[in-house]
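Below is one structure; the comments refer to it alone.
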2 protein chains.
Amino acid sequence: MPRAGLTAERLTLAGAELADEVGFDQVTVSALARRFDVKVASLYSHLKNSQDLRTRIALLALEELADRAADALAGRAGKDALAAFAGVYRDYAREHPGRYAAMRMPLDPGTAAASAGVRHARMSRAILRGYDLAEPDQTHAVRLLGSVFHGYVSLELAGSFDHSAPDPRETWPRIIDALDATLRNWPAS
Amino acid sequence: MPRAGLTAERLTLAGAELADEVGFDQVTVSALARRFDVKVASLYSHLKNSQDLRTRIALLALEELADRAADALAGRAGKDALAAFAGVYRDYAREHPGRYAAMRMPLDPGTAAASAGVRHARMSRAILRGYDLAEPDQTHAVRLLGSVFHGYVSLELAGSFDHSAPDPRETWPRIIDALDATLRNWPAS
DNA sequence: GCAGCTGCCTAATACCTTTAGGCAAGCCGC
DNA sequence: GCGGCTTGCCTAAAGGTATTAGGCAGCTGC
């Protein structure tokens with residue numbers, strides 16, 4: 001009987017694929033074992049437990065999305081950067097709904113601090129350099145960006161926009177326009 | 001042996017309380033049975049299955065929030081209405097995180113159409129009457145409002161704002177200000 | 001006060017999670 | 001090449017959740 005060659009990395013990647021196919025909360029140690037044609041208990045040499053698997057998928061997704069965003073942001077500034085960042089975010093969620101859902105999983109503080117989440121935060125701030133915002137408004141604006149992107153993407157993914165015209169494809173650029181206008185003209189305290 | 005007096009309504013309410021206490025995805029038929037000191041199988045006379053329970057909790061939350069929002073909106077218009085609506089949304093999520101999470105559960109189209117979700121949509125549109133937006137911009141704006149509220153509230157609930165100053169309490173009103181400004185000055189197509 | 005309905009129970013199946021302990025595959029030195 | 005050791009994957013087992021089938025008894029209506 002040859003060995004299956006499991007590693008935490010391969011399991012995480014397969015778990016991410018599984019998440020995209022069947023939904024993040026259907027990602028189960030058992031399903032993963034089936035996918036590798038291996039007994040369930042075997043995975044516990046590589047994963048601490050089910051929660052560990054989910055956390056690894058979340059961290060993978062954060063890294064992947066941060067990489068894509070960094071690529072998209074290179075050489076752009078202002079509204080151009082804003083639109084590129086937003087586009088990456090949305091596209092990733094549409095291509096990888098399971099991974100996207102994984103990203104929203106609460107991480108414990110230590111894990112979060114060591115994750116690519118901090119790159120995301122830095123990139124948001126980098127985008128805002130194209131606008132003229134001093135602290136604390138910059139932080140408020142970072143949170144606004146995060147809220148809009150995450151909120152829109154998750155409502156769209158949940159199908160909340162499906163049953164009313166117009167097509168969400170039209171709404172997205174208009175929201176970018178609105179955000180850009182808001183940032184250029186941030187209301188004074 | 002006296003009967004426990006279970007009904008779908010009591011189960012739903014208890015399920016909602018359970019969700020607020022331990023999180024929506026920890027709401028389980030078994031836990032609910034324990035709470036009523038009753039055997040698990042007994043609940044299946046009142047609930048079709050676990051999914052049915054979750055759906056009922058979601059519908060309850062949608063109703064409750066719609067009621068609160070309607071109260072808050074009465075007699076208000078413009079930014080006043082916007083801030084009141086936003087406040088209700090956020091407060092509800094903080095008071096009832098489990099119910100709030102339940103609301104984000106995907107509903108099948110028929111159920112969604114019969115739910116209080118339509119009241120939410122109507123109220124969003126009502127708020128926008130205080131601003132001068134024609135279709136399709138009004139729909140874009142409805143989606144923006146939904147995205148910001150949902151996005152902010154769920155990021156805050158997930159603790160995403162916990163580890164950076166300033167306090168989210170300061171950010172929220174500034175985001176309302178920014179939204180108000182955006183709506184008053186919606187960028188032309 | 002009893003007949004019938006129906007609410008709650010027991011029993012059983014199936015799946016997921018997790019731990020403990022065993023066997024052998026494959027790499028390491030010789 | 002070969003013997004030993006590590007360790008990857010296995011069997012076994014216990015415990016939790018979901019769900020269905022079928023039974024008995026408590027309540028309601030007459």
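Positive end of the dipole of chain A (Cβ unit charges, origin at the Cα centre): among A:His140, A:Leu128, A:Gln51, the Cα lying farthest that way belongs to A:Gln51. Residues in segment A:110-119 carry Karplus couplings, in order, of x, 4, 4, 5, 8, 8, 6, x, 5, 5 Hz; the curve used is 6.51 cos²θ - 1.76 cosθ + 1.60 with θ = phi - 60°, and Gly or Pro positions show x. Using only Cα atoms, find the angle between the long axis of helix A:168-184 and the longest principal axis of chain A, and express it within 0 to 90 degrees, rounded to the nearest 10. Computed tilt is about 50 degrees. The rotation axis taking chain B to chain A passes closest to the C-beta of one chain B residue; that residue and the distance in whole Å read B:Gly151, 1.
Let me make sure I get this right: for the protein assembly as shown, a, b and c are the square roots of the gyration tensor eigenvalues over alpha carbons, sorted descending. Under 1.5 in a/c it's rounded, otherwise prolate if a/b > b/c, else oblate. Which is it? Oblate, because a/c is 1.5 or more while a/b does not exceed b/c.
Segment B:1-68 and segment B:72-114 have Cα centres spaced 21 Å apart. Using bins of 5 Å that start at zero, the share of Cα-Cα pairs per bin across segment A:2-80 amounts to 3, 15, 24, 20, 12, 8, 7, 5, 4, 2, 0, 0, in whole %. On a 0 to 90 degree scale, rounded to 10, what angle separates helix A:78-95 from the longest Cα axis of chain A? The two axes meet at around 30 degrees.
Among the trypsin sites (Lys or Arg not before Pro) found in segment A:48-138, those both in a DSSP coil and sparsely packed, with 14 or fewer other Cβ atoms within 10 Å of their Cβ, are A:Lys48, A:Arg129. Look at the Cα gyration tensor of segment A:61-184: its axes a ≥ b ≥ c give a/c of at least 1.5 with a/b at or below b/c, and that counts as oblate. The residues B:Val142, A:Val40, when put in order of fewest to most other Cβ atoms within 10 Å, stand as A:Val40, B:Val142. As a length-normalised measure over Cα pairs under 8 Å and 6 or more apart, the relative contact order of chain A settles at 22 percent.
Computed from the coordinates by the stated procedures, all read-outs in this text should not be read as laboratory data. Only a predicted model underlies this, so the values are computations on that prediction, with no experimental measurement involved. When we count neighbours, we look across all protein chains shown, and the Cβ atoms used for this are built from the backbone with ideal geometry, even at glycine.
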